[in-house]
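Each remark here refers to the structure printed beneath this line.
The values are calculated or read from the model by the stated rules, or taken from the named source; none is laboratory data. The structure displayed is predicted, hence computed values, not measured ones. Because the Cβ atoms are built from the backbone with ideal geometry, glycine has one as well, and the counts that use them run over all protein chains shown. Remember, those area values only see protein heavy atoms, side chains included, never the ligands or the DNA or RNA. Shrake-Rupley method; radii C 1.70, N 1.55, O 1.52, S 1.80 Å.
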Amino acid sequence: INFIFLVITSPIIIYTYIKQIKILKNNYNSYYDISIFINNISYNYKAFLDTGNNLFDPVSLKPVILVDKPLPVSKFFYIPYKVVNNSGIIKCFKPDKVIINNKEVRNVLIAITDNKIKIDGVDCLLNKKILEGL
């Protein structure tokens, strides 16, 4: 009886294990190291690829990276945003340079959000269009 139980449950356990490993691997592949350069000073963060982040500047059509940490920038402009239950405007600026996983990314904007990002250890949310060029 033990042998029959083992033969029946083993494929189920192995299938569940492999499925969880794939989910975990995909989750870790969504984390990136990002450096934002402002006035030749580098600010390093841990970023998460947010597939739901479709925020673009409506004028320049540049994708936007959301940061929940204050950055020393003097010149801001505002762009509109819309989420499921809310809309408004958000402070944005053009960084000197952005490096994601040791690759320079051009034509992006940084938006500073007042809301704390609720993913452990993450300071930035990347727009999915940014990584298409990497």
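Things worth noting here:
- Within the chain, antiparallel bridges make up roughly 75 percent of the DSSP beta bridges whose residues both belong there.
- 3J(HN,Hα) from dihedral phi, the stretch 61-74, Karplus parametrisation 6.51/-1.76/1.60, rounded to Hz, x for glycine, proline: 6, 8, x, 10, 9, 8, 10, 9, 10, x, 10, x, 10, 9
- For the chain, the Cβ-based charge dipole about the Cα centre amounts to some 160 debye (Lys, Arg positive; Asp, Glu negative; other atoms uncharged).
- Residues of the chain: accessible area per residue with a 1.4 Å probe, Å²: 70
- Surface composition of the chain: carbon plus sulfur atoms hold 57% of the accessible area, using a 1.4 angstrom probe and ignoring ligands, DNA and RNA.
- Per residue, the convex hull around the alpha carbon atoms of the chain comes to 150 Å³.
- Pairwise FRET efficiency - Ser74 versus Asp114, Cβ, R0 = 25 Å, nearest 0.05: 0.85
- Taking a point 7 Å from the Cα of Ser35 along the Cα-to-Cβ direction, the residues of the stretch 86-107 with backbone N closer than 15 Å to it are 96-106.
- When shorter helices are ignored and each DSSP H run of at least 4 residues is given -39500 (n - 2.57), the per-residue value for the chain at 222 nm works out to -7000 deg cm²/dmol.
- Using a cut-off of 21 Å between Cα atoms, the listed pairs Lys25/Lys62; Lys22/Lys69; Lys75/Lys129; Lys62/Lys97; Lys82/Lys116 include Lys25/Lys62; Lys22/Lys69; Lys75/Lys129 as exceeding that distance.
- Per-residue surface analysis assigns Ser87 an accessible area of about 70 Å², computed on protein heavy atoms at 1.4 Å probe radius.
- Taking amide H positions as modeled 1.01 Å from N, with prolines and chain starts lacking one, no residue 5 or more places away or on another chain lies under 5 Å from Ile117.
- Computed over the stretch 1-70, the ratio Rg/Rh where both radii use C-alpha atoms and Rh is Kirkwood: 1.33
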